[in-house]
1. How many nm is it between the label spots at residue 225 and residue 133, if each spot is 7 Å from the Cα in line with the beta carbon?
2. Points 7 angstrom from Cα along the Cβ direction at residue 141 and residue 206: gap in nanometres?
3. Anything over 19 Å Cα to Cα? Flag those among 272/316; 42/127; 42/125, in the order listed.
4. Give me the percent of accessible area attributable to carbon and sulfur for the chain, probe 1.4 angstrom.
5. Kindly provide the helix-only [θ] at 222 nm of the chain, computed as the sum of -39,500 (n - 2.57) over DSSP H runs of four or more divided by all residues, to the nearest 500 deg cm²/dmol?
6. Probe 1.4 Å, all protein chains in place: accessible area of residue 197 in Å², nearest 10?
7. Cα gyration tensor of the stretch 103-190, axes a ≥ b ≥ c as square roots of the eigenvalues: rounded (a/c below 1.5), prolate (a/b > b/c) or oblate?
8. I'd like the distance separating the alpha-carbon centroids of the stretch 195-218 and the stretch 328-370, in whole Å.
Amino acid sequence: MSHPVSILVIGGGASGLMAAIFAAREGAQVTLLEHEQSFGKKLLATGNGRCNLTNVQIHPDSYRGTHPEFALDVIRHFDNRQTISFFSKLGIYTKNQEGRLYPHSQQASSVRDVLQMEARYRKVKMKTCENVREVRYEKGQFHVKTDGWTYHSDRVILCTGSPASNIAGADDSGYALARMLGHRIVKPLPALVPLRCEGNWFSSWAGVRVDGQVTLLVNEKPMASESGELQMTKYGVSGIPIFQISRYAVRALEAGARTELEIDFLPEFENKTLASFLNMRKEQCPYKSDKELLCGLFPDRLIPILLKAGYPESLKHLRLVVQSAHSMESAQVCCGGVDVEQVDPRTMESLICPGLYFAGEILDIDGACGGYNLQFAWSTGALAGQHAAVGGQSQLSKKRQN
């Protein structure tokens with residue numbers, strides 16, 4: 001009679017809960033270790049506390065990393081439709097807001113709660129306040145040492161997340177555990193984060209919000225471009241478009257490249273069309289100054305800055321030099337982590353340490369805003385849990401037969 005595979009899941013966030021559930025559903029004996037006093041703390045903060053579960057549209061540029069294609073390889077094996085079905089069966093009815101899916105309750109706690117209910121129903125042993133200090137693999141077994149105990153298991157799934165955010169428990173401890181087992185770590189840096197620009201005049205436009213397009217220039221070459229509402233701040237500019245391109249800016253700064261933002265406040269106009277439009281306004285109201293001509297186009301506090309920056313070119317080509325990103329604590333996610341070249345995207349198993357699996361943000365993949373990071377957590381967690389249990393069973397049975 002074969003014994004169930006024993007699996008230790010390290011990290012009780014979104015991907016860890018998912019991995020534990022899918023492993024338990026396959027009949028594995030699962031223990032989930034979380035170093036905080038409760039599970040899913042970071043999950044509770046996602047989507048401003050509403051939990052953007054996933055997105056109905058997933059594109060190649062939804063994910064970034066040293067090897068961004070890894071993310072789509074993963075999601076092909078557990079996609080957004082499977083995610084929606086999974087949560088629907090747990091009781092989460094979703095609401096679609098411009099492609100972003102939220103629980104109808106508009107509460108992230110609903111998602112965390114149904115995951116915990118399912119994990120307990122599947123008899124997952126859920127342990128909090130367990131700080132994992134060491135993971136060793138000897139003689140076909142993993143030995144996981146915490147502050148007060150040493151656990152033994154057939155398989156380990158690392159779901160420890162990243163140091164991004166100021167939420168208690170967000171740290172880089174998982175990278176050290178991955179290194180212990182021979183894995184390379186791409187340097188973690190903040191992503192989906194505000195950018196600080198050079199200059200001491202930004203207080204004059206702080207608080208202004210305006211739609212526009214921002215392009216990231218690295219050594220004068222366009223690297224990424226995003227449109228949407230820009231938020232002017234005392235340190236430069238923020239808003240979702242800035243978040244979306246921030247990981248490229250952070251990597252460029254790390255490489256020592258000249259990094260700039262070019263803001264187009266009227267992206268709906270081509271340069272020639274804009275010139276005609278401005279001339280028409282002048283002809284209609286010849287008595288107006290340049291400042292007065294911009295009244296009705298832009299917020300009052302933005303107009304003096306546009307004039308001083310070189311009107312009319314500044315309307316479509318305002319340049320800001322990026323000085324730095326905000327801290328890792330200000331970031332929603334991080335870029336960097338476990339090198340995905342050492343992980344099988346079909347199973348999430350390590351290619352250099354059999355029986356070790358990864359899920360979630362510990363990996364060198366980061367998604368754009370819009371539910372993509374959580375989708376990656378669900379996909380990697382599901383695959384890691386399922387294959388750790390099923391793959392583990394087949395390998396254990398082979399060992400016993402021998």
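The values are calculated or read from the model by the stated rules, or taken from the named source; none is laboratory data. Bear in mind the structure is a predicted one, so any value in this text is a computation, not a measurement. Backbone-built Cβ (ideal geometry, glycine too); neighbour counts: all protein chains shown. Areas reflect the complete protein model, heavy atoms only, side chains present, ligands, DNA and RNA absent. Shrake-Rupley method; radii C 1.70, N 1.55, O 1.52, S 1.80 Å.
1. 5.5 nm
2. 5.9 nm
3. Details: 272/316 12 Å; 42/127 17 Å; 42/125 21 Å.
In this structure, 42/125 exceed 19 Å between Cα atoms.
4. Working: 8790 of 18190 Å².
Result for the chain: 48 percent of the exposed heavy-atom area is carbon or sulfur.
5. Numbers: 12 runs with 132 residues, N = 402.
After summing the helix terms and dividing by residue count, I get -10000 deg cm²/dmol.
6. Rounded to the nearest 10, that gives 10 Å².
7. Working: a/c = 2.27, a/b = 1.31, b/c = 1.74.
Because a/c hits 1.5 or more and a/b fails to exceed b/c, the stretch 103-190 counts as oblate.
8. Cα centres, the stretch 195-218 to the stretch 328-370: 32 Å.
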